[in-house]
Amino acid sequence: MPADRILILGGTGEARRLARALIDQGFAVVTSLAGVTSSPLLPAGELRRGGFGGEAGLADYVKRENIHAIVDATHPFAAQISRHGHGAAQLLGIDYCRLERPPWVAETADNWIEVGGLAEAVAVLPVGARPLLTIGRKEAARFFARADLRGVARMIEAPGIVMPQHWTLILARPPFSLENEIRLIDSHHISHVVTKNSGGDDTRAKLVAAREMTIPVVMVARPVKPEAPAFSTVEALIPALRQVLSP
Ligand code: NAP
């Protein structure tokens, strides 16, 4: 009998680790990437790229490609594709679960300004702040629009818009070391670190650096994702999949 076929909604390191682990267990895996990064790190196994055309398009794909389950391993802030994945799975009566790293939690010595979204993150920065933006490229323009802010925007790929001259653009891919983060904050006289609560170890050092250098962190809370089984590690997810699917 052919192995059950799993669709991984990807775009994260966890998704790549999951693809490798499932293939090693004998499952047939296809990873889907949004196609928004021009040179993404690629997973093992089959790959497709680009939007599906909403929930209905995703459901059509799942039917056409004979997918038995959807594992949503997208970034915690990719809320729309998670809604679509959950909705398509419900429509077709197949399993849907998430692989989701736990959010970061503030420690006693941290000074976090917790906000509900990026609009609020822009608004809480005091006049003349020098933020280190680590929120990706899609929403950086909101910060550039405030003429009094001058800081550093770090992202994997250039924002695709003209950046004001008084901002510094750093193109870099995680992981980042504590030493790197301390040097960056120090050399650019950063007053605030601005981040989404992505969780994980690869980008945690900026929080430790902020704590050690006693500067505040503007922490954007995660969007709500659909109610569904969720696992924080590949090791926890695989046995659960094996209970409902066969390699
Ligand atoms: P989003 O707002 O939830 O999704 C927007 C649209 O992009 C979706 O409706 C879908 O288009 C398409 N899409 C998103 N992820 C897809 C996937 N894995 N495969 C196929 N189509 C996908 O997502 P986003 O925040 O723009 O994130 C896009 C991708 O970047 C995700 O794969 C995510 O894991 C990754 N990522 C996001 C962040 C972040 O901070 N948001 C950070 C790191 C990585 P259709 O409706 O046409 O199907």
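The values are calculated or read from the model by the stated rules, or taken from the named source; none is laboratory data. All values derive from a computational prediction rather than experimental measurement. Backbone-built Cβ (ideal geometry, glycine too); neighbour counts: all protein chains shown. The accessibility values were calculated without ligands, DNA or RNA, using every heavy atom of the protein model including side chains. Shrake-Rupley method; radii C 1.70, N 1.55, O 1.52, S 1.80 Å.
Worth a mention:
- Counting only alpha carbon atoms, the long axis of helix 13-24 and the longest principal axis of the chain meet at about 20°.
- Most mobile listed residue (I70, I161, I94) in the chain, GNM with C-alpha springs under 10 Å: I161
- With respect to the chain, whose longest principal axis is taken over its alpha-carbon atoms, helix 54-64 is tilted by about 30°.
- What you get for the chain, charging only the Cβ of Lys and Arg (+1) and of Asp and Glu (-1), is a dipole of about 500 debye around the Cα centre.
- Once C-alpha pairs closer than 8 Å and six or more residues apart are averaged by separation and normalised to the residue number of the chain, the relative contact order reads 22 percent.
- Computed FRET value (nearest 0.05) for M163 with L91, which takes r as the C-beta separation and R₀ as 30 Å: 0.10
- Between the amide H of R98 and those of D72, A230, F231, distances stay under 5 Å, these residues lying 5 or more places away or on another chain, with hydrogens modeled in the peptide plane.
- According to the calculation over all Cα-Cα pairs in region 1-124, the P(r) per 10 Å bin from zero is 12, 39, 29, 14, 6, 0 %.
- Plainly put, region 132-247 has a radius of gyration that is 1.08 times its Kirkwood radius, both from alpha-carbon atoms, as the Rg/Rh ratio.
- Amide H contacts for V29 (H built 1.01 Å from N in the peptide plane; partners 5 or more residues away or on another chain; cut-off under 5 Å): I6, E46.
- Per-residue ellipticity at 222 nm from helix content only, as computed over the chain with -39500 (n - 2.57) for each DSSP H run of at least four residues, stands at -9000 deg cm²/dmol.
- Length available on full extension from A3 to L42: 0.36 nm per residue minus the Cα-Cα distance, which gives 11.8 nm.
- Its alpha carbons considered, region 77-144 gives a radius of gyration followed by a Dmax of 17.1, 53 Å.
- Residue order by solvent-accessible surface for D201, D95 is D201, D95, largest first, with ligands and nucleic acids left out and a 1.4 Å probe.
- Averaging 1/r across all pairs of distinct Cα atoms in the chain and inverting the result yields a Kirkwood radius of 19.4 Å.
- Distance between the modelled labels on D60 and Q80, one decimal in nanometres: 1.8 nm (7 Å Cα→Cβ projection).
- Taking G53, G136, G200 as the candidate residues, the one with maximal mean-square fluctuation in a Gaussian network model of the chain, Cα springs under 10 Å, is G53.
- Remark on H192: its backbone amide H falls under 5 Å from those of R130, L132, a criterion applied only to residues 5 or more positions apart or on other chains, H modelled at 1.01 Å from N.
- Between 0 and 90°, nearest 10: helix 79-92 axis offset from the chain longest Cα axis: 10 degrees
- GNM flexibility winner over the chain from T214, T31, T74 (Cα, springs under 10 Å): T214
- Heavy-atom accessible surface of F231, to the nearest 10 Å², is about 50 Å², with a 1.4 Å probe and all protein chains retained.
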